[in-house]
Amino acid sequence: MADDKPAGRGIPASALYINVFVVATCGLVYELLAGTLGSYLLGDSVTQFSLVIGLYLSAMGVGAWISRRIDTNLAAKFLEIELAVAVIGGLSAPALFMAFGTVQHFQFVLLGFVFVIGTLVGLEIPLIMRLLEGQATFKDIISRVLTFDYIGALAAAVLFPLVFVPQLGIVRTSLLMGALNGAVALWGTWLLAPQLGKARIGLRIRAVLVIAGMVVALGFADRLTTFAEEQMYADPVVYSESSPYQRLLVTRGRSGFNLFLNGNLQFASADEYRYHEALVHPAMIAAETPPRRVLILGGGDGLALREVLAHPSVEAVTLVDLDPAMTQLGKTFPPLAELSRNSLEDKRVTIVNDDAMVWVDENRELWDAIIIDFPDPNTYGLAKLYTRLFYARVNARLSPGGAIGLQATSPLFARRAYWCIVETMRAGGLFVRPYQVTVPSFGVWGFALARKLPFEPPTRAPDVALRFINDAALAGMFEMAADMTALPVEVNHLDNQVLVRYYEREWKRWQQ
Amino acid sequence: MAAVGPSRRDFVALLLGAPVAAAIGCGSKQARIPPGQIIETGARRGHAVLRDGPPPTPTRWRDVEVAIVGGGIAGLTAAWELRRKGIIDVVIYELDDVPGGTARGSASPVTGYPWGAHYIVAPQHDQPDLIALLDELGAIESMRPDGTPVIDEALRCRELEERVFYRGRWYEGLYLEAGASVEDRRQRDLFNAEILRWSTFRDPAGRRAFSLPVSQASDLPELTALDKISFASWLDSKGFTSERLRWLCDYSCRDDYALDAAGTSAWAGLFYFASRRGAGASYQSVVTWPDGNGTLVRHFAKEVPIEPGVVVTRVDPDGTLVAVGPQGAFGVRAKHVVLAVPGFVADHLVPDRPKTVADYGAWAVANLHLRARPVERLGAPPAWDSVIRNSKSLGYVSATHQRGREHGPTVWTWFYPFTGPGDVARREVVDASYEDWAEVVLRDLELPHPQIRELVDKIEIAFWGHGMIRPRPGALFDPARLARLQPRGRIHFAHTDLSGIALFEEAFDHGLRAAREIVAARQATPA
């Protein structure tokens, strides 16, 4: 700093370099936040990151180009831009989260944010250089400003994955950067006081308001994420909980309430009877003798259990669900307990919280009917419950005349995935009768009925009070329309997991 | 607790590099070290023999048909094969307290877990003995028409098999696809095509270019020439410069050979990739158990009398053995001996054999007992094998992955190969305490799992000072290596070292060969 000219116009140059550093750090963090959010809400991280990075850099160029049009009140304009970055950047992550639930073209909103922030940050660096004009030689200004700019970027790149995302999460990181930007602007009102004149008072008030706003928002960050989450669902969220296994969330709307696990609809109270009757009763009547001992794998909401318990022959039911939070919710959450007619509290029922894959291997009992109701196979962890090995293990636990009923995703939306499940059951030694019903909340939904020996599908509805299944419905279920008939598929094994790939590829087409 | 001292920081710097060590002492967080210990692997007992000199002349003698020295995979296989041929008067003398060598496993109330070798490659139709072994274990579901077995699905490594941690995120597989350039992809495809070419190659005698075991491989000059250069030079010569591809090759060499690609024979480097493919394009299944190859060790050990804690100090070509066991010195008069010990021990016991330039790599293995899984970061889900791309370690394997438990307590096995000279590694770590080692393991895993320290109940650490023989250029097709297979009087040699590569399949092959030499010798001279 020996060659620094005396601060003729009273600007402490070294303090402004720290400003550059913070501006650069915050700017890059906003960019990384947008990239991360994009890849996590829209998928395809390569596209998201490259779009975000490219647009951000070009927006900085736009900002730099515009900067020449700013001729007066450099210092005040600089601080105003900094405050704008603080507000827009700081609120970017919560705003984008909320937009995802409400806006149709989320990609454009995301890129809009990136462009605005990039432009503002692009304005700042040229303005800082001009503020420093006369403080040092041109070559020194260029070298120092750019040095601090790039070091700031490095700091952001290192802190973002190592500290910010793991420790603070995306929303808090965004707000914290906003507060930091605001604080630097506030400090700037002192650093640039001689240039600001009276304008400094107004700027100080605005900076304090920005910082206070960010701090308050930080305090509400938890509520904000749930708020953001609410925007992703059509109806108000009435219950949400994160267990070690999954996110459980219940929404309530005009037509009733809906249960979501990890964002995927499990049932809607308005039409779940169609789904659960179709899942349970064909197996109950296909068994050689009325089932006395029934095993339910998954189905922690207690709704399949309600249907099982409607059969007077049933003496004992074991329900195996991984997540204690799910079975607890089914027992204690009033609307759910009511819907399941308190089936989880029934004396005939034993609840086991364990992984079904391991449990069926370790359990040695035989069951007259086995009902399998797992979430769709969209992860390796879930798809292991749709492997040949799993069905072979379940088959080994089925009594000789017993029957299996299971949900098998949609034969219309995910046709290969559906037939992959059917073929995998066959590879597991079962004779399978595929069937489908229409559940308005889900669309056309697929199931499979299986036994150890060849069999004809049941034709007579059971003698219990049902809302959906009668002889006519039963006859229609086992017919497959032309757009749902079998396709050639591979068998799903633990070590190939083709089902996840079928499922992802097919559902992607319907999720635009 | 006192702050981390400079020596521990130096140790972390030595193993993981200066940047990781520099992070120690930053921040106010007291670095908790969970309880644990360094386990004994027989090194102390083995080294004591060298220090103490020859034992007293034995006063107790016993007679046995076959004495097997060494209870690792080679010795256990020899005993198994002899039993299959009706020879049951067999004893195995093992230096350590437990058999298995680096293939051993342990068990906790939660799961079994390995101490080294933790998988095998699913056998092909031309490996009938390995098929028979797996069949005994009930590990074979069915046979394909071509004689290839279908391995029990529960043992075929479950998806996701591997993931790599890079810049704050996990990616599926070992080859980093994300961000690969057109040139990266071109080189990757070219490399895969090259491997495919070699895996389908058959010489005029019908032998593969790179086969498991090595003894079945072709010896065409164009192939053996590959042993004269390093894998890195071979990659250079083919224009494989892509950083991603080179990383994968380097990682593979570190993983299987405790060497980097520059230190590995090109033959061995290609062998790593090409020997794992069947006739078609796909890789053979990886077969694994929670306790790794420990399951195979336990199966072998069921039928054979094993005397642990026995140091054999002398083996004569006439079948005489002198040994020191827990009850003192004793002698054995054996009709046949299988010397199933590492090459450097064999050289000590039978000094006048042809020598090879044997080079041994050191390994550290840590088993971390976790009370719960850490919160996962963005990207690929938990896998069997989780690799940290910028680490000198090999990452960790989850013992509960195969069973399908994704939640709750587990054991992670962390591997660290010393790719430098073995004697240097052994000298450098000789004074390291349990706490020094634990700090290294935790610092390494904190990169992907910042909360790991709080989730670990216990760490057990093994240091394998002579963990594996290393295929440096020239070692594999050294004529002396084949000369060392020749029996000396009644002594037959078996060990993976005789292949120049440390693998289950190699140890198994030599165990079978030694047993068959004995069967042939018995037929030639009926008792």
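Each value in this text was obtained by applying a stated rule to the coordinates, not by laboratory testing. Since this is a predicted model, take the numbers as computed values, not measurements. Counting neighbours? That spans all protein chains shown, and the Cβs are built from the backbone with ideal geometry, glycine included.
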message: Along its three principal axes, how long is chain A when you only count alpha carbons? Whole Å, largest extent first please.
response: 99, 44, 39
- prompt: So for the pair A:Ala316, B:Gln486, with labels modelled 7 Å out along Cα→Cβ, what separation do we get in nm?
  reply: 7.0
task: Quick one: grab the alpha carbon gyration tensor of the stretch A:269-508, order the square roots of its eigenvalues as a ≥ b ≥ c, and give me rounded if a/c is under 1.5, else prolate or oblate depending on whether a/b is larger than b/c.
output: rounded
- prompt: So which aspartates and glutamates pass the test for B:Lys238, namely a Cα distance under 19 Å, with those fewer than 8 places away in the same chain ruled out?
  reply: B:Glu183, B:Asp184, B:Asp189, B:Glu194, B:Glu222, B:Asp227, B:Asp250, B:Asp260
- prompt: How about B:Lys355: which lysines have a C-alpha closer than 21 Å to its C-alpha, ignoring those fewer than 8 places off in the same chain?
  reply: B:Lys228
query: Using only Cα atoms, what Kirkwood radius does the protein assembly as shown have, in angstroms?
result: 32.9
message: I'd like the distance separating the alpha-carbon centroids of the stretch B:324-383 and the stretch B:138-178, in whole Å.
response: 26
message: Taking the alpha-carbon distance from B:Lys85 and a cut-off under 25 Å, which lysines remain once sequence neighbours fewer than 8 residues away in the same chain are dropped?
response: B:Lys302, B:Lys335
query: Residue by residue through the stretch B:43-55, which ³J(HN,Hα) values in whole Hz follow from phi under the Karplus form 6.51 cos²θ - 1.76 cosθ + 1.60 (θ = phi - 60°), with glycine and proline marked x?
result: 4, 4, 5, x, 5, 4, 4, 5, 6, 7, x, x, x
query: Per residue of A:492-499, what is the mean number of Cβ atoms on other protein chains within 10 angstrom of that residue's Cβ?
result: 5
- request: Taking each pair of different alpha-carbon atoms in the stretch B:217-365 once, compute 1/r for the pair, average those values, and report the inverse of that mean as the Kirkwood hydrodynamic radius in Å to one decimal.
  value: 19.5
- request: For the stretch B:352-415, count the residues as N, evaluate 2.2 N^0.38 Å, and divide the Cα radius of gyration by that value, please.
  value: 1.58
- prompt: Mean shadow of the stretch A:76-227, computed from the convex hull of its alpha carbons, in nm²?
  reply: 9.8
- prompt: R0 = 56 Å: FRET efficiency of B:Ile39 with A:Glu345, Cβ-based, nearest 0.05?
  reply: 0.70
field: Relative contact order (%) - criterion: Cα under 8 Å, at least six apart; region: chain B
entry: 25
- prompt: When all alpha-carbon pairs of the stretch B:387-443 are counted, what percent fall beyond 16 Å?
  reply: 58
query: Which Rg and Dmax, in Å, describe the Cα atoms of the stretch A:48-91?
result: 12.6, 38
message: Once each part is reduced to its C-alpha centroid, what is the distance from the stretch A:487-512 to the stretch A:338-416 in angstrom?
response: 20
field: Inter-part distance where the stretch A:116-174 and the stretch B:399-441 are each reduced to a Cα centre, Å
entry: 40
statement: Per residue, the convex hull enclosing the Cα atoms of chain B spans a volume in Å³ of 156
message: Can you compute the equivalent ellipsoid semi-axes for the stretch B:238-323, i.e. the square root of 5 times each eigenvalue of the Cα gyration tensor, sorted largest first and rounded to whole Å?
response: 38, 20, 13
message: Show log10 I(q)/I(0) for the stretch A:325-436 at q = 0.13, 0.16, 0.18 Å⁻¹, two decimals, from a solvent-free Debye sum over equal Cα scatterers.
response: -0.59, -0.87, -1.05
message: If I take all pairs of Cα atoms in the stretch B:53-160, what percentage of them are more than 22 Å from each other?
response: 51
statement: Rounded to whole angstroms and listed largest first, the alpha-carbon spread of the stretch B:134-208 along its three principal axes comes to 45, 38, 15
message: Just to be sure I follow the rule: in chain A, considering lysines 8 or more places apart or on different chains, how many pairs have Cα atoms under 28 Å apart?
response: 9
query: When averaged across all projection directions, what area in nm² does the alpha-carbon convex hull of the stretch B:172-282 cover?
result: 7.0
task: Would you mind getting me the FRET efficiency between B:His47 and A:Lys139? Use the beta-carbon distance for r and R0 = 60 Å, nearest 0.05.
output: 0.40
